[in-house]
Amino acid sequence: MGHVSAVPVPQPRAQAATAPDATGSRRSLAAGLLLGAVGAAVVLLASGQTWAEGKAAVGGGTLPLTADGQDVTGLPAALAIVGLAALVAVFAVRSAGRLLVAGLLALSGLGAGLSAYLGASDSAALDEKAAQTTGDTSATIDALSHTAWPYVTAAGGLLILIAGLLALRYGKLWPTMSGRYERDGTPRPRKAPRTAPDPDRPEDLWKALDRGEDPTH
């Protein structure tokens with residue numbers, strides 16, 4: 001009887017188990033990128049809009065004044081930029097570094113959202129403008145009102161926070177930006193060294209001549 005080699009049988013269960021992981025990785029990656037980018041864009045856009053409005057008394061009359069998000073607090077916009085940088089850096093690092101960057105992304109969103117929410121009822125920026133406009137350091141704002149833009153900014157921070165949480169949860173499954181450019185560590189096969197042709201083998205001499213080599217060396 002001849003020798004029969006054992007052929008490994010593919011295990012469909014193992015393949016089926018990895019399929020949901022791959023699908024979840026792709027979905028979380030797409031969601032993280034979308035939420036992080038949209039959240040940062042919302043924060044940057046909304047923080048430049050009018051957050052508060054009021055009137056300052058000037059010479060027996062009133063002067064309308066407004067304050068945008070940058071006047072109230074520049075923290076949301078700054079943290080949105082940090083979040084964008086962290087979102088890109090997530091794909092440039094691995095292992096513990098990826099967890100740290102994902103944590104920074106989440107904290108950036110949390111900080112942007114909280115600072116925007118706390119600035120929604122702030123009146124200090126308009127009071128400062130009133131003092132500068134009237135030349136009276138004790139001047140204050142009357143008829144103070146606030147817009148919805150601080151809450152839109154806070155919503156953008158929340159999106160960045162969710163992107164950071166997704167990176168913390170699924171980031172280990174996400175690809176690395178430079179992975180396709182890195183070597184896999186497999187040693188490349190070395191070319192066999194050329195040997196001098198054997199004078200007793202005519203075919204070696206003909207091969208050497210075809211290669212343009214001197215068959216006598």
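Read the figures in this text as sums done on the coordinates, not as results from a lab. Computed from a predicted model, the values in this text were never measured in an experiment. Every residue, glycine as well, gets a Cβ built from its backbone with ideal geometry; the counts of neighbours run over all protein chains shown.
Listing for the model above:
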quantity: Where the Cα pairs of the range 29-122 fall when distances are cut into 10 Å bins, in %; calculated: 16, 39, 23, 13, 6, 3, 0
quantity: Cβ-placed point charges (K, R +1; D, E -1), dipole of the range 46-185 about Cα centre in debye, nearest 20; calculated: 960 debye
quantity: FRET E, pair LYS172, THR50, Förster distance 35 Å, beta-carbon r, rounded to 0.05; calculated: 0.25
quantity: Residues whose placed amide H lies under 5 Å from that of TRP51, excluding near-sequence neighbours; calculated: ALA67, ASP68, GLY69
